[in-house]
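Data block below; observations after.
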Amino acid sequence: MFDYDAEFVDAVFDYCRERLSLDPVPLDFGALIEIAPEKMAGLIRPEGRSPEALLEFFRDTLAPSVVSIDSPGFLAFIPNAPTKNSLLFDMVVACSGLNGTSWLESSGVVVAENQALTYLADLAGMPSGSGGAFVSGGSIGNLSSLTVGRDVGRAKRPQLNPREVRFAISDDAHSSIGKALHVLDVQPLVVATDDHRFTRAALESALEADPHRDNVIGVVATAGTTNAGIVDDLEGLGSFARENDLWFHVDGAYGAAALFSNTHRHLFAGIRHADSYIVDPHKWLFAPLDCCALIYRDPTVARKVLAQQASYLDVLHEGTDEHYDWNPSDFGIHLSRRARGLPFWFSLVSNGTAAYESAVQCAIDLAQRTEVLINECDYLEMVRPASLSIVLFRRKGWNAERYNQWSRELLASQVAFVTPTKWEDETVGRIAFLHPNSTEEMVREIIDSLGD
Ligand SMILES: *Cc1c(COP(=O)(O)O)cnc(C)c1O
């Protein structure tokens, strides 16, 4: 199984070439097409099977039951629109035997990944020396950051019971923040907000009202909520955190990509106060899954908390070269890691940053044009103004069941994949733009499909 099989290599490259040339990538069907258990039964057995036949089985039977996240019609959750160069370079990474764990093994990987991380840090106005690593996703980025923030907060406040330290978060923080705090056994101070935007004023009044405010050691802000695209008061929260020596974490998994938008960049200026910040290139920065940029203001602090110590790893930390202990493994809760930042780096360098600016802007502009179309339609209304690339709308007279039925029918017709969400306990429609090839034409079809 380690021999080179020229024929099968050709078959795989042909398959990949075909996928890369699809324009547009079709949506396909996800769970709308069930896979009968008999089809999978007994595939794994002592003797192997023809890889050509298995590739065909994948193409014809499994792949259609996946909604292609890179189709311009994928407008649910947060889509993903990897550039051709990022996909191609992901194949290069896959075939190159790269372990992105340490400087010792892979300095050529780390140098390039760090160049991309530094670009993202500079764009957000973080000081020079900021850095971190690419981790698998925002959830792990948040967990890693909050682990560091918790330990730093405990160390700064030895008078507190370490089990009682808390982070202030908003009601609208992403579910992965709650999950991270659960893993860390840290309680949140959940701050109620006005119109779902976490502000300095809201934080100050929540702290004032809380008899245990002294055990709040950090603040988590969201730079673009996933449900509605709302950017918290990063400047206010960040300056408050600085003044009060609190850890400031900014979750920009989805929205911080709008740092590339000339019209919206100013909303993110407060990230410059962050002790840790994340953005997912696998969301709005056009890289393939799975890729989150995790950046610390002071990476040496993160290393102290997160580096794994083991005798067989000592060699990773014992070099004399000044970069020698820059190991991506030290900045997250992982050890081994694929060089998942490289496809993003390759695409950013080869396409240039101006291409990123216009691609990010496309989604924001289409969200705004969609708002106009919805306002012109008598059976629809906006729930709130479009924010970043997200549109929340109401189909007058519909209940949850009707939205779900419409969503399934829309996917079955292969027009688009759009799923409902909840807004203040009401089921509403939600469109998340991201792919630069999503069109106004497509939006008109979606709007038509919502009529009678
Ligand atoms: C998507 C998202 C996450 C989680 O990121 P994953 O990459 O899915 O783990 C966290 N926070 C926000 C704001 C997100 O949009």
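Can you list the aspartates and glutamates whose alpha carbon sits under 17 Å from that of residue 156, skipping same-chain ones fewer than 8 residues off?
Straight-distance partners of residue 156: 164, 214, 243, 245, 275, 298.
Leaving out same-chain residues fewer than 8 places away, which lysines sit with a Cα under 20 Å from that of residue 396?
Leaving aside lysines fewer than 8 places away in the same chain, those within reach of residue 396 are 422.
For the pair residue 415 and residue 369, what calculated FRET efficiency results from E = 1/(1 + (r/R0)^6), where r is the Cβ-Cβ distance and R0 = 22 Å, to the nearest 0.05? Provide the component values of the computation, followed by the final result.
Values: r = 18 Å, r/R0 = 0.80.
Result of the calculation: an efficiency of 0.80.
Grab the beta carbon distance between residue 6 and residue 41, set R0 = 30 Å, and tell me the FRET efficiency rounded to 0.05.
Numbers: r = 32 Å, r/R0 = 1.05.
In this case the efficiency is close to 0.45.
Which shape class, rounded, prolate or oblate, goes with the range 92-353 when its Cα gyration tensor gives a ≥ b ≥ c as root eigenvalues, a/c under 1.5 marks rounded, and past that a/b bigger than b/c marks prolate? Display every interim value, and only then the final one.
Numbers: a/c = 2.09, a/b = 1.34, b/c = 1.55.
It is oblate, given that a/c is not under 1.5 and a/b is not larger than b/c.
Rounded to the nearest 500, what is the 222 nm mean residue ellipticity of the chain from helices alone, with -39500 (n - 2.57) per DSSP H run of 4+ residues and division by all residues? Display every interim value, and only then the final one.
Details: 14 runs with 173 residues, N = 452.
Mean residue ellipticity, 222 nm, calculated: -12000 deg cm²/dmol.
Charges at C-beta only: +1 for Lys and Arg, -1 for Asp and Glu. How large is the resulting dipole of the range 333-447 about its Cα centre, in Debye rounded to 20? Mind showing how you got there, number by number?
Working: 13 positive and 14 negative charges, 122 e Å.
Dipole magnitude for the range 333-447 comes out near 580 debye.
Using the Cα gyration tensor of the range 47-144, with a ≥ b ≥ c the square roots of its eigenvalues, what is the shape: rounded (a/c below 1.5), prolate (a/b larger than b/c) or oblate (neither)?
Numbers: a/c = 2.63, a/b = 1.56, b/c = 1.69.
Cα axes put the range 47-144 in the oblate bin.
Calculate the length of the line joining the C-alpha centroid of the range 183-208 to that of the range 165-181, in whole Å.
What the calculation gives is 9 Å, centre to centre.
Ignoring ligands, DNA and RNA, what accessible area per residue does the range 1-104 give at 1.4 Å, in Å²? Walk me through the intermediate numbers first.
Details: 6500 Å² over 104 residues.
In whole numbers, the range 1-104 has 63 Å² accessible per residue.
Charges on Cβ only, +1 for Lys and Arg, -1 for Asp and Glu, centred on the Cα centroid of the chain; of 51, 299, 431, which one is farthest towards the dipole's positive end?
About the Cα centre, the residue reaching furthest to the positive side is 299.
Got a sec? Charge dipole of the chain, +1 on Cβ for Lys and Arg, -1 for Asp and Glu; which of 241, 92, 400 is way out at the positive end?
Going by the Cα projections, it comes out as 241.
Determine how many Å³ per residue the convex hull of the Cα atoms of the chain encloses.
Values: hull volume 79.6 nm³, N = 452.
Here the figure is 176 Å³ per residue.
Could you tell me which residue out of 128, 226, 107 lies farthest along the dipole of the chain toward its positive end? Charges go on the beta carbon: Lys and Arg +1, Asp and Glu -1, centred on the Cα centre.
128
Work through the residues other than residue 291 whose Cβ is under 13 Å from its Cβ and net out their charges, Lys, Arg +1 and Asp, Glu -1.
Values: positive: 283, 337, 338, 340; negative: 90, 113, 280, 290.
Value of the local net charge: 0.
If I model a spin label as a point 7 Å beyond the Cα along the Cα-Cβ vector, how far apart are those points for residue 404 and residue 355 in nm?
Result: 4.2 nm between the two label points.
How high is the FRET efficiency from residue 243 to residue 53, r the C-beta distance, R0 41 Å, rounded to 0.05?
Computed FRET efficiency for residue 243 and residue 53: 0.05.
Treating the beta-carbon of each Lys and Arg as +1 and of each Asp and Glu as -1, no other charges, what is the dipole magnitude of the range 92-353 about its Cα centre, to the nearest 20 debye? Can you show the working numbers first?
Numbers: 20 positive and 30 negative charges, 54 e Å.
In total the dipole reaches around 260 debye.
The values are calculated or read from the model by the stated rules, or taken from the named source; none is laboratory data. Since the structure is predicted, the reported quantities are computational estimates derived from the model, not experimental observations. Positions of Cβ are backbone-derived with ideal geometry, glycine not excepted, and every protein chain shown enters the neighbour counts. Note: areas computed on protein heavy atoms with side chains; ligands, DNA, RNA excluded. Shrake-Rupley method; radii C 1.70, N 1.55, O 1.52, S 1.80 Å.
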